[in-house]
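Worksheet for the structure shown next.
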Amino acid sequence: MQRELASSSRPNRKIYSLILVLLVAPAIAGCVAAMPLAGFEAAGPAMRPDVFFAGHTAGWGVLTTRGGRPARRFTVAGEGAMQADGRFRLQQTVSWGDGHSETRQWLMTADGRGGYAATLSDAAGPVRGEVRGNVFHLRYRLRSPAVMMEQFLYLQADGRHVLNTATVTALGVPVAHLSEMITRTDAP
């Protein structure tokens, strides 16, 4: 009987593990600082998402695990156009290496000062973006709770290619990375 009471009053190891994760994750997240955009103001050509993504684009990339192992390969076909209401609409079809495909839609509005307000069908809530020189930076929450995506899209010197790098975090801890090359398939 005494043994049963002692074991029932002992805290569960799973609870300790959860508490440890909740305490350590923010500390680790504080070590993963976002790349400062200040050094990109003078870099050119100037990135304008509503110009680069207007018309047809094609992308090829890979999603890797935290350890760098390729998890999923993908291609993206995009078509973008300015809408009558002043918003830019980008429709993308993502085709995963396993044969699964999905469609997502962006609607974005420039604020005239380098900032963008957007919605994305994959995001849980609004998307905020900013442009500095040749870089377009986006950060948003995905549909899953506590899962964030941070993207940096670098317009290349030829104005026809963008390097897209992204990090997916869960509770502030990086869990996956995305690398993609995007090409304008329409003449500028």
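The values are calculated or read from the model by the stated rules, or taken from the named source; none is laboratory data. Remember, predicted model here, so these are calculated numbers, not experimental data. As a convention, Cβ positions derive from the backbone with ideal geometry for all residues, glycine included, and neighbour counts pool all protein chains shown.
Data for the structure
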quantity	calculated
Residue match in region 95-110 (condition: within 25 Å of A170 (Cα to Cα), assigned to a loop (DSSP other than H, G, I, E, B) and among the acidic types (D, E))	yes
Some residue of region 122-139 being surrounded by 15 or more Cβ atoms within 10 Å (Cβ to Cβ), acidic (D, E), touching a Ser or Thr at 6+ places or on another chain (Cβ under 8 Å) and farther than 15 Å from D50 by Cα	no
Region 129-145, residues that are of a type outside the set (D, E, K, R) and either assigned to a strand (DSSP E or B) or touching a Gly at 6+ places or on another chain (Cβ under 8 Å) (or both)	G129, V131, G133, N134, V135, F136, H137, L138, Y140, L142
Matching residues in region 54-70 - criterion: being crowded, with 17+ Cβ neighbours inside 10 Å and not in a strand (DSSP E or B)	A54
Region 151-188 - residue that is under 16 Å from A46 (Cα atoms), part of a loop (DSSP other than H, G, I, E, B) and not aliphatic (A, V, I, L, M) and, of those, farthest from the chain's Cα centre (by Cα)	P188
Hits in region 47-92 (condition: small (G, A, S) and modelled with pLDDT of 95 or more)	A54, G55, A58, G59, G61, A77, G78, G80, A81, A84
Tally, over region 61-101, of residues that are under 16 Å from the mean Cα position of the chain (by Cα) and among the charged types (D, E, K, R)	3
Number of positions in region 106-130 that are under 23 Å from L163 (Cβ atoms) and either touching a Leu at 6+ places or on another chain (Cβ under 6 Å) or not hydroxyl-bearing (S, T, Y) (or both)	13
Residue match in region 164-187 (condition: of a type in the set (S, T, Y), in contact with a Phe, Trp or Tyr (Cβ under 7 Å, 6 or more places away or on another chain), within 18 Å of G61 (Cα to Cα) and surrounded by 15 or more Cβ atoms within 10 Å (Cβ to Cβ))	yes
Selection status of E180, of a type in the set (D, E) and farther than 20 Å from G80 by Cβ	no
Where L90 falls short, out of the listed (1) under 17 Å from A54 (Cβ atoms); (2) in a loop (DSSP other than H, G, I, E, B)	(2)
Odd one out for V51 among (1) surrounded by 15 or more Cβ atoms within 10 Å (Cβ to Cβ); (2) touching a helix residue (DSSP H, G or I) at 6+ places or on another chain (Cβ under 9 Å)	(2)
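Condition check ((1) hydrophobic (A, V, I, L, M, F, W, C); (2) surrounded by 12 or more Cβ atoms within 10 Å (Cβ to Cβ); (3) touching a strand residue (DSSP E or B) at 6+ places or on another chain (Cβ under 7 Å)) across all residues:
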| position | (1), (2), (3) |
| --- | --- |
| D85 | no, no, no |
| L90 | yes, yes, yes |
| W106 | yes, yes, yes |
| G114 | no, yes, yes |
